[in-house]
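Please treat every number below as a calculation from the coordinates, not as lab data. Bear in mind that the values here come from a model prediction, so they are computed numbers and not experimental data. Note that we place each Cβ from the backbone using ideal geometry, even for glycine, and neighbour counts take in every protein chain shown.
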Amino acid sequence: MSALTAPQIAPENYGKVDSTVVEELRRIVGAGGVLTSREDLSLYSYDATLPEFQPEVVVFATTAEQVVKI
């Protein structure tokens, strides 16, 4: 995979972020660092490339330690 090629995500891997995962993410980065509402997620569903992809969760890690835990 080159730097310009996005990884392909198999459809069977969608929907794998359940409430247990979300709670663990909130424990790691704090409640304010995890977005799950449809409105919030829609803002992160696109960039300069196509196609649009709706994330299941958006996480704002602010330290290297948080990134390692995630």
Checking rank on 31-38, 62-69, 44-51, with mean other Cβ inside 10 Å and highest first, the result is 31-38, 62-69, 44-51
Residue separation between Tyr44 and Ala31 times 0.36 nm, minus their alpha-carbon distance, gives in nm 2.9 nm
Here the net charge surrounding Leu25, from other residues whose Cβ is less than 15 Å away from its Cβ (Lys, Arg +1; Asp, Glu -1), is -2
